[in-house]
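This report concerns only the one structure given below.
The values are calculated or read from the model by the stated rules, or taken from the named source; none is laboratory data. This structure is a prediction, so every number in the text was calculated from the model and none was measured. Glycine gets a Cβ as well: all are built from the backbone with ideal geometry, and neighbour counts include every protein chain shown.
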Amino acid sequence: MKPRLLGIGCLLLLGTALSSCDGIPGVTYSARPGPPAKPGTGQIPSLGLGLQDHIESVDFTVEGDSALHLVWRVRYGDEVWFLANRQTWYRRGDLKNKTWSDPHLFSRRTGEPRIVSLGSTLHIVVSNNLRHFVSSDGGAKWEEKLPLLPQHLGIAQGIDVASDSASLYVAYVASDSSRDSLVSESPRSVWVTRWMEGEKTSTAWIQSIGEKTPWATPKLRLGKDGMDLFYTANELKRITKTNTEVTGWLFHSSSRDKAKTWMNPDSSGFPGGIFEFEAAIAGNERSAFRERQGLRCMRWQGGAWSSSDWVAQPKTDPLSNYERVSSINAATRGDKGQLVWIGTRYQRSDQTLLNPLAWIPWVSDPGWENNDVLAAPFSKVTRGADKLRPARLTQDLSYAEFVRARAGKARVYVVWSGRSRVGKRIDSANQSPEIFYTTLPLE
C-alpha cells in the first residue's frame, strides 16, 4: 500500500474510533463557548422515571408568588408514538418553603394538559376531547366536569387556555363532524370555547384552514380591551412533479366581546413553513416569533408583519449545523417580560478535524444531545438586536425537552422538563427526566 493511502486509512480509522467516544477524558470536542448558567435553579422532588421515559409537556400557574401548580405529561418508554403509554400528573409546590405535595395522577389517556387559575379555583384542560377538571381547595382535590369539546367536533388539537375574572377560554383546532361526507374528510377549523360557572358553554368558529396543516398550537392572549388569537397552518404546493414548496401562514383575529364574535382574520405567508412559533402583545406592540434555522422575530407594522429578524445572532461556524429551536415562550406583563426558548446554540460536537467521518449523515452524527434553556429580556428582543446574547438557564451538557414561562406581578417564572446531564446520547449519563424551575426579572 502506498504511504499516502496508508495515511488516509489511518486518519479514517482514527475518526471512526473518535466518533464512538462518549465523554472519554483527554478527547477534545468543539462547541460554541457558552456563558455560565444563571444560578438559582430549583428541582422538584424526583419523579421516579426511567432512562427511556420522556416528559413531553409541562404547564403551570403561580398563586400569589408562592404556590406553583404544575401539570405535566409523561411518555413511558420508546414505543411507537401512537402506541406509547402516557399519563398526566399534577403537583403543588410551596416556593417559599420548597415543599411539594405528592404527585396526583389525572389521566392515563393521551392529550396535552393545560392549567389556569380562575378566581379561587384551578382548572385543568386536557386536549383531544377537552376533559375539564376543577379544584376549589388549591389543588388538594379535583372534580371532573363535562368535557368542553362540543359533540359535533372531532379531536381538539394543540390547545391554548386563558382566563379573565369570570371565564375560562380554550382555543384549538378541530374538524366539524356534522360536515362529514362520504367522499372527503371534513376540513379543520379554529375554534374558541368559553366556559363560565353556572352558564351554558359557548363555542365560536373562527376560520376554516381547509387542507392546511396546523403544526403549532394557537396562542390566545388576553388584554385590557379584549383578546387576540394567533394561529398558523402550513400549505404544501407542488411546483413540478418532483419539487414542492411550503408556505407557513400566520393568522390573527381579535374579539372585544368575550369571545362571542371575532374579527375577520388577517394573514401573512412565510416561505419554508412555520413549525415552532410564539406570539405576544407587549404594550401596544404585536410580535411573533418562529424557528427558521435559529430564532426569528416579526413585528406588526402598518397593517403587515415585518421581515424576520434574528433574535440572537446564529452560529457562525461554517462546519456547524444551524441552531435548532423549540418551545418558544413570550412571558410579558405590560411592555416588559422575558422571551424563553430551547436551543442548540451551545451544543457540543465531536471535533471535526479528528473525526472526518462525523459529518457524513449515514456514517455518524457529530452532535451531542445537550441543549439549553435560553432567555432574553423582552424589551431588548423586539428592538431587532441581532447581536443579543441570551442568558443561559441550564448547565453545560444538560438537556431540556419542554419549557414554559409565565409572567407574575414582579418576575417571570420558568419551568422546564429535561435531564441534568447527557452525553453523546440522551441516556449516556444515566440521568432520568426531571422538572426544573427558576425566576427571571421583568425587563
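List of remarks:
- Members of region 261-290 that are of a type in the set (V, I, T) and touching a residue at least 60 places away in the same chain (Cβ under 8 Å): I281
- Condition check for E197: surrounded by fewer than 14 Cβ atoms within 10 Å (Cβ to Cβ) and either within 21 Å of the chain's Cα centre (by Cα) or within 23 Å of R114 (Cα to Cα) (or both): yes
- Within region 274-308, considering residues that are polar (S, T, N, Q) and closer than 15 Å to G337 by Cα, the one surrounded by the most Cβ atoms within 10 Å (Cβ to Cβ): S287
- Any chance I239 is out of contact with any Ser or Thr (no Cβ under 9 Å at 6 or more places or on another chain), over 20 Å from R114 (Cβ atoms) and among the aliphatic types (A, V, I, L, M): yes
- Looking at region 180-250, the strands (runs of 3 or more DSSP E) lying wholly inside it that each contain 2 or more residues that are polar (S, T, N, Q) sit at 188-195, 202-210, 226-238.
- Here E401 fulfils each of the conditions (1) touching a Cys at 6+ places or on another chain (Cβ under 8 Å); (2) modelled with pLDDT of 95 or more; (3) not hydroxyl-bearing (S, T, Y) apart from (1).
- Among the residues of region 365-392, those that are at pLDDT 90 or above and not aromatic (F, W, Y) comprise E369, N370, N371, D372, V373, L374, A375, A376, P377, P390, A391, R392.
- Residue within region 122-135 that is under 21 Å from the mean Cα position of the chain (by Cα), surrounded by fewer than 21 Cβ atoms within 10 Å (Cβ to Cβ) and not in a loop (DSSP other than H, G, I, E, B) present: yes
- Residue selected from region 311-359 under the condition modelled with pLDDT of 70 or more and of a type in the set (D, E), by the criterion nearest to T439 (Cα to Cα): D335
- Residue check for E245: surrounded by 16 or more Cβ atoms within 10 Å (Cβ to Cβ) and either charged (D, E, K, R) or free of Cβ contacts under 8 Å to residues at least 12 places away in the same chain (or both): no
- Test: V246 is of a type in the set (V, I, T), touching a Gly at 6+ places or on another chain (Cβ under 6 Å) and under 30 Å from G367 (Cβ atoms): yes
- Single residue of region 168-185 satisfying the filter (surrounded by fewer than 17 Cβ atoms within 10 Å (Cβ to Cβ) and either more than 15 Å from N129 (Cα to Cα) or at pLDDT 90 or above (or both)) that is nearest to the chain's Cα centre (by Cα): E185
- Strands (runs of 3 or more DSSP E) enclosed by region 256-310 - at least 1 residues per element that are modelled with pLDDT under 90: 277-282, 285-291, 295-301
- Here L83, L70, L130 are screened, and the one residue that is in contact (Cβ under 8 Å) with a residue 12 or more places away in the chain and out of contact with any Lys or Arg (no Cβ under 6 Å at 6 or more places or on another chain) is L130.
- Those residues of region 73-109 which are at pLDDT below 90 and buried (at least 19 other Cβ atoms within 10 Å of the Cβ), in sequence order: F106
- Total residues in region 404-427, condition polar (S, T, N, Q) and either outside any loop (DSSP other than H, G, I, E, B) or at pLDDT below 95 (or both): 1
- Residue, modelled with the highest pLDDT, within region 136-167, restricted to residues that are more than 23 Å from the chain's Cα centre (by Cα) and under 18 Å from P214 (Cα atoms): L153
- Of all residues in region 407-438, those that are more than 25 Å from D78 (Cα to Cα) and surrounded by 18 or more Cβ atoms within 10 Å (Cβ to Cβ) total 7.
- Selection status of W362, farther than 23 Å from G418 by Cβ, modelled with pLDDT under 80 and of a type in the set (A, V, I, L, M, F, W, C): yes
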